[in-house]
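A.B. asks: I'd like to ask you about the structure that follows.
What follows draws every value from the coordinates through simple rules; no lab data is involved. What you see is a predicted model, and the numbers here were worked out from it, not measured in a lab. Positions of Cβ are generated from backbone atoms using ideal geometry, with glycine treated the same way; all protein chains shown enter the neighbour counts.
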Amino acid sequence: MEKKLVSVLAVSVAMTAFLAACGNGNDNEGSSASPSASESPSASPSASAPASESASPEKVENFTVSLRHIQIGDAQKFRKAILDDVVKQTEADVPGLKIELDGIEDNVNRFTKLPAEMAAGNPPKIFDVFGGAGDTQKYAKAGRMLDLTPILDELGLKDKFLNGVLDPFSVDGKVYGLPIGGNTEGIFYNTDLFAKYNLNPPTTWDDLIKAADTLKQKGVTPFAVGSKGAWVPNMLVNTFIGRIAGENTNAGFITGASKWNSPDVVAAYQLFADWEKKGYFTKGELGKEYGDMLNDFVAGKAGMMFDGSWRSSAFKNDAVGAAIAGKVAFVSLPAIPNGKGDQTSVNANYGEGYGFSADLNDNELKAVKAFIKNMYSDEMQLRGLLEDGVLPSMQLSDESIAKVTDPIVKQVLDVLKNAGTTFPHFDSVVQSKVYTETETQLQKLIANKATPQQVGDAIQKVQDAENAAAAK
Amino acid sequence: MKTTLRNPYVYLLFVLPTIALYFLFFIYPMLTSVYYGFTNWNGLDTKDFVGFDNFVNAFKDADFRNSIVNNLYILLFSCCVQVPLIVVFSLLISSVKRFQGFYKTTVFMPSILSTSVIGILWGYIYDPDVGLINSILQAFGLEPIYFLADMKWALVSILITNAWQWMGFYIVLILAAILAIPKDIDEAAMIDGATGVQRAWYLTVPLIKPIINVVIMLSIAGALRVVDIVLVMTGGGPAGATDVMASYMVNKAIKYGDYGYGTALSIIIFAFALVLTALYQILIVRRQEKVEY
């Protein structure tokens, strides 16, 4: 008995010492332990190790900078590769720097982790962030984010961004975040299935409805969707609102110029509810994740899906959607009969990018500058477009854009070129409480627990309260 | 040395660090939580005192009321379905002659697994396309059931998973009590000609009543506290059908960033648990006499 106790004690002491040693190693220096082993399991193994070794010659102070990204999983591998290269280059540029990558799922980062870190005041030094009143602007007003205006001036970047794309990331003329690229949301459809059932491409409303009805009849889900996270069906709702109630509606919610319970917005929700009733969406969608939506579409269980143009890279030959590579096309939502908005208008978002902690020392500031310089360059913007189908947020020359060969990306660019005007997604406009309410209410609508009018009323109630609070 | 140990202040000195830690990590956060419950703090901006607004809003909030009802369902299920089942299983296992250890270990196994593992495991069992249950249903030509996506099924599915996870733990508790009953009582009854069912119902169950009470009380506390399995399996969805008080609070506080309101909700949950367990103690447990063999 006694012996046992002694050995248990010994083991626990040893464990404590071991753990303590680990803790120290991570905190103080990146050079002692294995520099690359701990993070980014999905990264290519060569990503960071050689760079950090060569970048630490004699007597430079080693320091680490944390970087939160959302490029996890196979579908994001092209973007991850770009990020890895930028990280590598930045580490080479700044002596002693080691960037610690921390990959987290998009929604978890945006709605759970980052808000909690912001509340506690310890966000990562570099992090993926969305623009708008619910994200960047809220954090910037609370003094949590670094004012990038002087850095942009120093690097001469300010005028290189497209018109207006910095607005959701700005407060009082100061820039707090930089959009990495843009996207538009539209319909991906399986050309094989459409040919098999003799359907026209869904470019007119009648063709779209006919396609949906026919697919439904043949036992194929018309639209794949995964509504466990309600932001997924919210994409379609957003475009319905823009088209039916007008392209300025989404931007007008926070000023009171448009209302969620106005007849037009309710009509948009009604259209969604009608589609729901007709069985146009995946069965059991409330239990399906966003990834399931792509899987169903790739497996040919669904003929169409309404998704962001960022998904185009999933249909390359070496990507998750390789099974239907070359059999996918992208169109914007066709003109909705009796819609009030410009029926050529499409949604365009430059909502996601990188932000930086306000709490930086000199070294970290250097690292941030180098990161911005490397990430927001013509080269990386073009790579994003060519390799990943991300629309550039910065001006690219026509000959650069002409290099695009991917057919879906070309279609995406065409959709934007043919669009009379664009409107933002309301998630980058409204306050986070309002946005969360849209998700809650939309799930109720899908579950048939609320009518479109009730949905509109409930969201408007939160919107009124938030607008009143903002006016104070 | 002898005189030092007689000095009461020395003892105080020894417990002081612990008390300090207790204050730092328990008393202080609790007091600040109560304070936050009366503010509109969003985690970032300044906090304003809003009086009882949060509490009033909570009871006006239909979604929160719905989550209270869900908690009550879980409570009823664990007290009225789970506990009787636990007792039956314990009685069965206690009279098994061979491999009793095997049964004990098997039923106890789920409660050493982490809730996330169980949630994901059962998520696959319930999966509409590849799940175990639906594969069986489809083999019989039945339509698949969307367990976690259907408003009607989601809560039931979670209740079953939760019961599967925790029953083993309680079974082992009750089993220990049954095995502690002196054998001669049982043998005396057997000689008098009592059947197995009679012995179980009229002898064993009354003798293990105190431990059943403990199990019921733990079940009540557990039912009010349940949140992890909900967050892992459905996140409160579909459309709030499985939201319990705690998951609603987590979503409000963390996802909305509405820390003031979230803290108020947590105080309400605390009050609920306190009142219910106290009621149970006063109404049921106190009235019972001690069991003596």
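A.B. asks: Report the antiparallel proportion of the DSSP beta bridges in chain A as a percent, rounded to a multiple of 5.
C.D. replies: Antiparallel bridges: around 60 percent, rounded to the nearest 5.
A.B. asks: List the residues whose amide H sits under 5 Å from the amide H of residue A:394, counting only those 5 or more places along or on another chain, with H placed 1.01 Å from N in the peptide plane.
C.D. replies: Correct list: A:162.
A.B. asks: Divide by every residue of chain A the summed helix terms, -39500 (n - 2.57) for each DSSP H run of at least 4, and state the resulting mean residue ellipticity at 222 nm, rounded to the nearest 500 deg cm²/dmol.
C.D. replies: -13500 deg cm²/dmol
A.B. asks: Test of understanding: ordering B:283, B:148, B:91 by Cβ neighbours within 10 Å, fewest first, what list do you get?
C.D. replies: Listing B:283, B:148, B:91 from fewest to most nearby Cβ atoms yields B:283, B:91, B:148.
A.B. asks: Suppose we flag GluC sites (Glu not before Pro) only when DSSP calls them loop and at most 12 other Cβ atoms lie within 10 Å. Which is the longest uninterrupted stretch of chain A?
C.D. replies: In chain A, the maximal stretch lacking such sites is A:62-472.
A.B. asks: Where the only charges are on Cβ atoms (+1 Lys, Arg; -1 Asp, Glu), what is the dipole of chain A about its Cα centre, to the nearest 20 debye?
C.D. replies: The calculated dipole for chain A is roughly 1300 debye.
A.B. asks: Let me ask something additional. Per residue of A:280-287, what is the mean number of Cβ atoms on other protein chains within 10 angstrom of that residue's Cβ?
C.D. replies: 6
A.B. asks: To continue, here is another question. Which of the trypsin sites (Lys or Arg not before Pro) across the range A:212-252 are loop residues per DSSP, with 14 or fewer other Cβ within 10 Å?
C.D. replies: A:218
A.B. asks: Related question: Could you work out, residue by residue across B:238-244, how many beta carbons of other chains sit within 10 Å of that residue's beta carbon, and then give the average as an integer?
C.D. replies: If you average over the peptide's residues, the count of other-chain Cβ atoms is 5.
A.B. asks: Sticking with this structure for a sec: Taking the alpha-carbon distance from residue B:60 and a cut-off under 22 Å, which lysines remain once sequence neighbours fewer than 8 residues away in the same chain are dropped?
C.D. replies: Leaving aside lysines fewer than 8 places away in the same chain, those within reach of residue B:60 are A:433, A:444, A:449, A:461, B:252, B:255.
A.B. asks: In what order do B:41, B:122 fall by count of nearby beta-carbon atoms within 10 Å, going from fewest to most?
C.D. replies: B:41, B:122
A.B. asks: Right, something else. Sorted from fewest to most neighbouring beta carbons within 10 Å, what does the list B:267, B:229 look like?
C.D. replies: With the fewest neighbours first, B:267, B:229 line up as B:267, B:229.
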